[in-house]
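Trainee: Before I ask anything, let me first share the structure, which is written out below as structure tokens.
The values are calculated or read from the model by the stated rules, or taken from the named source; none is laboratory data. As the structure is a computational prediction, the values presented were derived from the model and not from experiment. With ideal geometry, Cβ positions are generated from the backbone for all residues, glycine too; neighbour counts draw on all protein chains shown.
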Protein chains: 2
Amino acid sequence: MKNAIVLLSGGLDSATCLAIAQSQGFDCYALSFDYGQKHAAELNAAKRVAAAFKITHHFIMPLDLGSMGGSALTDDAMTVPDHQNDDKIPITYVPARNTVFLSIALAWAEVIAADAIFIGVSAIDYSHYPDCRPEYIAAFQHVANLATKASVEEKVIKIEAPLIHLSKAATIQQGHALGVDYALTISCYRANAAGLACGSCSSCILRQKGFTEAGIADPTPYL
Amino acid sequence: MKNAIVLLSGGLDSATCLAIAQSQGFDCYALSFDYGQKHAAELNAAKRVAAAFKITHHFIMPLDLGSMGGSALTDDAMTVPDHQNDDKIPITYVPARNTVFLSIALAWAEVIAADAIFIGVSAIDYSHYPDCRPEYIAAFQHVANLATKASVEEKVIKIEAPLIHLSKAATIQQGHALGVDYALTISCYRANAAGLACGSCSSCILRQKGFTEAGIADPTPYL
């Protein structure tokens, strides 16, 4: 059986990604990070999603990015803003996050001899984060092709980003068809302790728009 | 003043790298990892080196690569072997280590608006690790050029590998000229609690050969 590492944040995209990887026949190892997010709702959602997909290996790695600061998602001195309708990179951007996450996934992929790493980034309906673009994923693939002992032995670890050209609505439709229960997931940047979403941050706005455009009822519990 | 992140392992190469970065006028932020190495001597050496260079920011980041296993440096079930005179990648290889370290350095570099990241890899007198080759460094530079908010704003964070074409002897000569006290550093893969080197692992053999060829006395305390 083919193995894959799936980066699992607890959000809508990574849950869809996990469903896609399983539907392609991969035995999935889920990888989440406790990286100093201000709220625990995200990791609770990741655990719920992993359980729903009967994942036997779910590694939640502590990662002290919070000490470095620089993002409203980890820095107590910065406040997560309401959605801004512009093309600027927002202060919720976490410096080099996907590079850090993919690197650690690559390490684990080598150890378990995985064939692929799945990451749920999208260059459509996204927040202008630079590390969600196709050219970024291609660049990281090139690193993976050179960085590892596996690569010297001519084994390719494929970086799979199956949502990269999908709108949020198309992602939801695909996940819905694969049986993803989106009520288990959370996208909100400032969910409360009970896991209720704010409904007004950038991530909530994109999620709501996605369900509306997909014509599927939004199961998210809002404040 | 220009800022740089310097990856500091406590070994000979990274200490030389730090001396080179300082000599080029960089204000240096040292980054070390507590990644599940079997011995603490390495991080103690990193602290001594940082103190000798009067580094005010030295971040030792806990990083649980040990739980993943896959390397004799972190996995208690694997033993560090004596030096093998062949061109195989040894079991002391830590999966994707330099990619993980450079990624976290990239995150910190963004936060402090650093101009460069220094890494003490060499493609000469090395242990056939794939992530020490010039083409690997070039690939990671390409990721850094695409991954970050800084890159979108057209600020380049340069990956500097000043030792990449240097033999161990040439590295030692350069560091010696810059005043590096190599007695503070440790290269051994299996140093004991007192920081004494074994003298027979691959890393010790390369270090001894380097001092001999450089014509400089080896200050390493051996068992």
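Trainee: Could you list, in sequence order, the residues of the range B:10-38 that are assigned to a loop (DSSP other than H, G, I, E, B) and in contact with a helix residue (DSSP H, G or I) (Cβ under 6 Å, 6 or more places away or on another chain)?
Mentor: Once the filter is applied, which keeps residues that are assigned to a loop (DSSP other than H, G, I, E, B) and in contact with a helix residue (DSSP H, G or I) (Cβ under 6 Å, 6 or more places away or on another chain), the range B:10-38 yields B:Gly10, B:Gly36.
Trainee: Considering each of A:Ala177, A:Ala170 in turn, give the residue that is touching a residue at least 40 places away in the same chain (Cβ under 8 Å) and either surrounded by fewer than 24 Cβ atoms within 10 Å (Cβ to Cβ) or closer than 30 Å to A:His83 by Cβ (or both).
Mentor: Working: A:Ala177 fails: touching a residue at least 40 places away in the same chain (Cβ under 8 Å).
From the options A:Ala177, A:Ala170, the qualifying one is A:Ala170.
Trainee: Among the residues of the range A:13-46, how many are under 15 Å from the mean Cα position of the chain (by Cα) and surrounded by fewer than 17 Cβ atoms within 10 Å (Cβ to Cβ)?
Mentor: 2
Trainee: Here's another thing I want to ask about it. Of the numbered conditions (1) in contact with a strand residue (DSSP E or B) (Cβ under 9 Å, 6 or more places away or on another chain); (2) buried (at least 21 other Cβ atoms within 10 Å of the Cβ); (3) within 30 Å of B:Thr79 (Cβ to Cβ), B:Ile205 fails exactly one; give the number of that condition.
Mentor: Status for B:Ile205: all satisfied but (2).
Trainee: Taking the residues in the range B:47-63 that are outside any loop (DSSP other than H, G, I, E, B) and among the hydrophobic types (A, V, I, L, M, F, W, C) as candidates, determine which candidate is surrounded by the fewest Cβ atoms within 10 Å (Cβ to Cβ).
Mentor: Across the range B:47-63, the extreme among qualifying residues is B:Ala51.
Trainee: Let me ask something additional. Please state which of the following conditions B:Ala147 fails to meet, knowing it meets all the rest: (1) closer than 30 Å to B:Glu110 by Cβ; (2) under 16 Å from the mean Cα position of the chain (by Cα).
Mentor: With (1) closer than 30 Å to B:Glu110 by Cβ; (2) under 16 Å from the mean Cα position of the chain (by Cα) applied to B:Ala147, the lone miss is (2).
Trainee: Okay, moving on. Tell me, which residue of the range A:17-42 that is more than 14 Å from chain B (Cβ to nearest Cβ) and farther than 28 Å from A:Met1 by Cα is modelled with the lowest pLDDT?
Mentor: A:Lys38
Trainee: Examine the range A:97-119 for a residue that is part of a loop (DSSP other than H, G, I, E, B), of a type outside the set (A, V, I, L, M, F, W, C) and surrounded by 24 or more Cβ atoms within 10 Å (Cβ to Cβ), and state whether such a residue exists. Please lay out each step first, then the result.
Mentor: In the first step, residues of the range A:97-119 are kept if they are part of a loop (DSSP other than H, G, I, E, B); the result is A:112-115, A:119.
Still in the list and also of a type outside the set (A, V, I, L, M, F, W, C): A:115.
Retained after the next criterion (residues that are surrounded by 24 or more Cβ atoms within 10 Å (Cβ to Cβ)): none.
No, there is no match, as no residue in the range A:97-119 is part of a loop (DSSP other than H, G, I, E, B), of a type outside the set (A, V, I, L, M, F, W, C) and surrounded by 24 or more Cβ atoms within 10 Å (Cβ to Cβ).
Trainee: Still on this structure: Kindly provide the set of residues from the range A:96-119 that are at the interface with chain B (Cβ under 7 Å from one of its Cβ atoms) and acidic (Asp, Glu), ordered by number.
Mentor: The one that is at the interface with chain B (Cβ under 7 Å from one of its Cβ atoms) and acidic (Asp, Glu): A:Glu110.
Trainee: Filter the range A:120-140 down to residues that are buried (at least 20 other Cβ atoms within 10 Å of the Cβ), more than 7 Å from every other protein chain (Cβ to nearest Cβ) and modelled with pLDDT of 95 or more and give me whichever is farthest from the chain's Cα centre (by Cα).
Mentor: The qualifying residue farthest from the chain's Cα centre (by Cα) is A:Ile137.
Trainee: Being closer than 19 Å to B:Leu8 by Cβ and in contact with a Leu (Cβ under 8 Å, 6 or more places away or on another chain) is true for just one of B:Ala147, B:Ala114, B:Ala139, B:Ala107. Which residue is that?
Mentor: B:Ala107
Trainee: Could I ask something else about it? Would you kindly identify the helices (runs of 4 or more DSSP H) lying entirely within the range B:141-221 that contain at least 3 residues that are more than 14 Å from every other protein chain (Cβ to nearest Cβ)? Give the steps one after another, and end with the answer.
Mentor: Working: elements: B:149-152, B:168-177, B:202-214.
Where helices (runs of 4 or more DSSP H) fall fully within the range B:141-221 and carry at least 3 residues being more than 14 Å from every other protein chain (Cβ to nearest Cβ), they are B:168-177, B:202-214.
Trainee: Something else about it: Name the single residue that is farthest from the chain's Cα centre (by Cα) among those in the range B:180-202 being aliphatic (A, V, I, L, M), surrounded by fewer than 23 Cβ atoms within 10 Å (Cβ to Cβ) and closer than 20 Å to B:Lys54 by Cβ.
Mentor: Among those residues, the one meeting the criterion is B:Ala183.
Trainee: Do you know which of the residues in the range A:75-89 that are modelled with pLDDT under 70 and at the interface with chain B (Cβ under 10 Å from one of its Cβ atoms) is surrounded by the most Cβ atoms within 10 Å (Cβ to Cβ)?
Mentor: Per the stated criteria, the residue is A:Ile89.
Trainee: For the range A:184-221, which positions are touching a Pro at 6+ places or on another chain (Cβ under 7 Å) and modelled with pLDDT of 95 or more?
Mentor: The answer is none; no residue qualifies.
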